[in-house]
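Trainee: Quick one: this structure, given as structure tokens, is what I'll be asking you about.
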């Protein structure tokens, strides 16, 4: 389905869903330190819509570089906002939250930039001949979902745990238990982000080398 001259990329359905996610994220930030229930609802809805915008893009043939960038930025901003709040709630772990934000944002941004320069529309489209761990992460939808969901669940449980511990299970609160169980997933996601950052740096250097080589032969 070709794009007509009168169509606006900014008004494509998946991009409208992206704007909706951004509005919900802003609302969750507003309530984040005072009302955990509203924060949980708005943050959760924003995350759920993340699945629908990709589906809408494929269904309506409205996949665009703008939409991919918007999706990636909302994802990164959502995690960053939550980690900023957690830094206030758990000051003893500020450094860990800072490192998580640093690696998450830098790795995805550099990987996205490299993907666009390489002619790919999304940072989820990678060279299958590259890092096998990243290939598994991005090409296996089950692995991708479990890693992302587990990572978000870890930070979300830490957030809710600040307000209430939840029903007792094995002598501890539910949200504390869930945070402990999902901590390895969050650490694995952090490690994958580090690998992604390194792979993106190598790929971008390769693009630069190819560009310089072409210029030298002209």
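Laboratory data are not the source of any read-out in this text; all were calculated from the coordinates shown. Keep in mind that this is a model prediction, so the values were computed, not measured. So basically every Cβ, Gly included, is an ideal-geometry build from the backbone, and we count neighbours across all protein chains shown.
Trainee: With each label point set 7 Å from Cα along the Cα-Cβ vector, what nm distance links residue 217 and residue 162?
Mentor: Between residue 217 and residue 162, the simple spin-label model gives 5.5 nm.
Trainee: What is the gain in length, in nm to one decimal, between residue 96 and residue 58 on full extension, counting 0.36 nm per residue of separation less the C-alpha to C-alpha distance? Let's see the in-between values first.
Mentor: Details: separation 38, 0.36 × 38 = 13.68 nm, distance 3.67 nm.
Contour length minus the Cα-Cα distance gives 10.0 nm.
Trainee: Arrange the peptides 188-196, 107-115 so that the one whose residues have, on average, the most other Cβ atoms within 10 Å appears first.
Mentor: Details: 188-196: 17.8, 107-115: 20.4.
Going from most to least packed, we get 107-115, 188-196.
Trainee: In degrees, nearest 10, range 0 to 90: what is the angle between the Cα axis of helix 65-89 and the longest Cα principal axis of the chain?
Mentor: 30
Trainee: Can you compute the FRET efficiency between residue 146 and residue 9 using 1/(1 + (r/R0)^6), with r the Cβ-Cβ distance and R0 = 35 Å? Round to the nearest 0.05. Don't skip to the answer; put the middle values down first.
Mentor: Details: r = 32 Å, r/R0 = 0.92.
Once the sixth-power term is evaluated, E becomes 0.65.
Trainee: Can you sort 53, 208 so the residue with the fewest Cβ neighbours within 10 Å comes first?
Mentor: Numbers: 53 24, 208 11.
Going from sparsest to densest Cβ surroundings: 208, 53.
Trainee: Using the count of nearby Cβ atoms within 10 Å as a rough guide to exposure, how do 212, 76, 161 rank from fewest to most? Present the calculation step by step, with values, prior to reporting the outcome.
Mentor: Working: 212 10, 76 18, 161 21.
The order, fewest Cβ neighbours first, is 212, 76, 161.
Trainee: If I fit a long axis through the Cα atoms of helix 174-217 and take the longest principal axis of the Cα atoms of the chain, what angle between them do I get, 0 to 90°, rounded to 10?
Mentor: 20
Trainee: Between (1) 19.3, 71; (2) 16.4, 52; (3) 21.4, 73, which entry matches Rg and Dmax of the Cα atoms in Å as derived from the coordinates of this structure?
Mentor: Computed from the coordinates, Rg and Dmax of the Cα atoms in Å corresponds to (1).
Trainee: Here's something else I'd like to know. What distance in nm separates the simple spin-label points at residue 89 and residue 135, each placed 7 Å from Cα in the Cβ direction?
Mentor: Here the modelled spin labels are 3.9 nm apart.
Trainee: Same structure again: What percent does the relative contact order of segment 9-217 come to when contacts are Cα pairs within less than 8 Å and at least six residues apart? The partial results should precede the final answer.
Mentor: Numbers: 204 pairs, mean separation 39.1, N = 209.
With pairs under 8 Å counted, the relative contact order is 19 percent.
Trainee: What is the helix-to-structure angle for 141-161, meaning the angle in degrees between its Cα long axis and the longest Cα principal axis of the chain, kept from 0 to 90 and rounded to the nearest 10?
Mentor: Approximately 40 degrees, to the nearest ten.
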